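Written below as structure tokens is the structure these notes are about.
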């Protein structure tokens, strides 16, 4: 429930796009109460920073990182990498 107060305060400040990254893409970054999925459900544009994110391998034979990146890119959020962000913000 607290995440809705957080989402509302961001929206109130005019923030509508979120850059998200972190450890454990398949759990913390995606499923967390203030994770990618809930930001999308709350109506935010979400951009996942691919090379600032890792995924936990829960079973042999499945590359969790590639699986979740393609899952997210299909219809859940945009993705980018750090080099593209540096260019966007003229960071050297």
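The values are calculated or read from the model by the stated rules, or taken from the named source; none is laboratory data. Computed from a prediction, not measured in an experiment: that's the story for all the values here. Counting neighbours? That spans all protein chains shown, and the Cβs are built from the backbone with ideal geometry, glycine included.
Quick notes on this structure:
- Subset of region 29-38 [surrounded by 16 or more Cβ atoms within 10 Å (Cβ to Cβ) and either in contact with a strand residue (DSSP E or B) (Cβ under 6 Å, 6 or more places away or on another chain) or assigned to a helix (DSSP H, G or I) (or both)]: 29, 30, 36, 37, 38
- Enumeration of residues in region 77-92 that are assigned to a loop (DSSP other than H, G, I, E, B), in contact with a strand residue (DSSP E or B) (Cβ under 8 Å, 6 or more places away or on another chain) and over 14 Å from residue 17 (Cβ atoms): 81
- The residue list 50, 37 contains one member that is over 13 Å from residue 76 (Cβ atoms) and touching a residue at least 24 places away in the same chain (Cβ under 8 Å), which is 50.
- Applying the set (1) surrounded by 16 or more Cβ atoms within 10 Å (Cβ to Cβ); (2) out of contact with any strand residue (DSSP E or B) (no Cβ under 8 Å at 6 or more places or on another chain) to residue 8 leaves exactly one unmet item: (1).
So that you can scan it fast, the table gives a plain yes or no per residue for (1) surrounded by 10 or more Cβ atoms within 10 Å (Cβ to Cβ); (2) within 13 Å of the chain's Cα centre (by Cα); (3) at negative phi:
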site	(1), (2), (3)
50	yes, yes, yes
53	yes, yes, yes
56	yes, no, yes
63	yes, no, yes
66	yes, no, yes
74	no, no, yes
77	yes, yes, yes
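- So residue 14, is it at pLDDT 90 or above, assigned to a loop (DSSP other than H, G, I, E, B) and either surrounded by fewer than 17 Cβ atoms within 10 Å (Cβ to Cβ) or in contact with a strand residue (DSSP E or B) (Cβ under 9 Å, 6 or more places away or on another chain) (or both): yes
- Tally, over region 46-65, of residues that are closer than 12 Å to residue 23 by Cα, modelled with pLDDT under 90 and not in a loop (DSSP other than H, G, I, E, B): 1
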